[in-house]
Amino acid sequence: MNPLIVIPARLAATRLPEKPLADIAGRPMIAHVVDRGRESGLGPVVVATDEKRIGEAAEAAGAIAIMTRADHPSGSDRIAEALATFDPEGRHDVVVNMQGDLPTFDPATLAAALRPLEDPEVAITTLTAEISEEGERTNPNVVKVVGTPVAPDRLRALYFTRATAPYGEGPLFHHIGLYVYRRAALQRFVALPPGILERREKLEQLRALENGMRIDAMIVETVPLGVDTMADLERARAILAGEAE
């Protein structure tokens, strides 16, 4: 495999405006996310954005900035445009969609997310962690993976939902929104129309399942800190300030 890491980033965030440029330990958040991608050693790091300031911050951190259209409906569409611009020859056959709000993400986890692609039946991979907090089991903002085990640390995803599922005794799994696509799978995915279940649950990954694409989820120990609110930002600042000391 020849992976490419692509980080989609835009300024429009209702809960935390201009989130990618938020200051953390003296640097914009996007710079820390670029650091995590580069530390993984998997391949080049591209930031796909429609905002010049984000592109400049990404390049200062050592990434390649690709300017994309402003009207993309999702990060997957933005990534697909950036991929076509950066690599029209098709040298990179695997694309890592790394979210731009994970400044404390463990770089080693990126490599783990690629492992299911050793199975040729797998089109897309993602991450999940067992839910340990009772309140998350019924929280619709915590997306759950319903899957069947194919290895001790891996599930084949059958469904993604905001509901409490599956029913009955047993663990529930919190979906972590990092994706690894085979290039052909990404191209197929963005060409498909939104699915009925995708629109109902407001979960883009259901489009793949509705169209017969296999998604496997690697089980990791903890859910990484995603920065969506000012409280999250303060937590990230405290974590990265401690590492810098």
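The values are calculated or read from the model by the stated rules, or taken from the named source; none is laboratory data. Source: prediction; values computed, not measured. For neighbour counting, all protein chains shown are included, and Cβ atoms are generated from backbone atoms with ideal geometry for every residue, glycine included. Side chains included, ligands, DNA and RNA excluded: accessible areas come from the protein's heavy atoms. Shrake-Rupley method; radii C 1.70, N 1.55, O 1.52, S 1.80 Å.
Since GLU51 meets every condition but one in (1) over 19 Å from the mean Cα position of the chain (by Cα); (2) acidic (Asp, Glu); (3) open to solvent by 60 Å² or more (accessible area, probe 1.4 Å), which condition does it not meet?
GLU51 satisfies every listed condition except (3).
Could you tell me which numbered condition LEU172 fails, if it satisfies all but one of (1) in contact with an Asp or Glu (Cβ under 8 Å, 6 or more places away or on another chain); (2) under 17 Å from THR109 (Cα atoms); (3) open to solvent by less than 20 Å² (accessible area, probe 1.4 Å)?
Here LEU172 clears every test but (2).
Pick out, from the stretch 76-187, the strands (runs of 3 or more DSSP E) lying fully within it that include 1 or more residues that are of a type in the set (A, V, I, L, M) and farther than 22 Å from ILE66 by Cα.
124-130, 144-151, 154-161, 173-182
Looking at (1) hydrophobic (A, V, I, L, M, F, W, C); (2) open to solvent by less than 70 Å² (accessible area, probe 1.4 Å); (3) more than 16 Å from LEU16 (Cβ to Cβ), can you tell me which one ALA236 breaks?
Every listed condition holds for ALA236 apart from (3).
Pairs under 7 Å by beta carbon, first residue closer than 16 Å to TYR179 by Cβ in the stretch 110-133, partner among the hydroxyl-bearing types (Ser, Thr, Tyr) and part of a helix (DSSP H, G or I), six or more apart or different chains?
Short answer, once both residue conditions are applied: LEU110/SER40; ALA111/SER40; LEU127/THR109.
Condition check: touching a Leu at 6+ places or on another chain (Cβ under 9 Å), open to solvent by 20 Å² or more (accessible area, probe 1.4 Å) and under 27 Å from ASP119 (Cα atoms). Does ARG182 satisfy that?
Against the criterion (touching a Leu at 6+ places or on another chain (Cβ under 9 Å), open to solvent by 20 Å² or more (accessible area, probe 1.4 Å) and under 27 Å from ASP119 (Cα atoms)), ARG182 qualifies.
Just wondering, is there one or more residues in the stretch 30-37 that are in contact with a strand residue (DSSP E or B) (Cβ under 8 Å, 6 or more places away or on another chain), open to solvent by 40 Å² or more (accessible area, probe 1.4 Å) and modelled with pLDDT of 95 or more?
no
Please determine whether any residue of the stretch 6-27 is out of contact with any strand residue (DSSP E or B) (no Cβ under 7 Å at 6 or more places or on another chain), open to solvent by 30 Å² or more (accessible area, probe 1.4 Å) and either among the hydroxyl-bearing types (Ser, Thr, Tyr) or within 18 Å of VAL180 (Cβ to Cβ) (or both).
yes
Hey, can you tell me all the residues within the stretch 194-210 that are out of contact with any helix residue (DSSP H, G or I) (no Cβ under 7 Å at 6 or more places or on another chain) and either open to solvent by less than 60 Å² (accessible area, probe 1.4 Å) or over 17 Å from THR161 (Cα atoms) (or both)?
If the condition is that a residue be out of contact with any helix residue (DSSP H, G or I) (no Cβ under 7 Å at 6 or more places or on another chain) and either open to solvent by less than 60 Å² (accessible area, probe 1.4 Å) or over 17 Å from THR161 (Cα atoms) (or both), then GLU201, LEU203, GLN205, LEU209 are the ones that fit.
Checking the condition among the small types (Gly, Ala, Ser) and open to solvent by 70 Å² or more (accessible area, probe 1.4 Å), which residue from ALA231, ALA217, ALA191 passes?
From the options ALA231, ALA217, ALA191, the qualifying one is ALA191.
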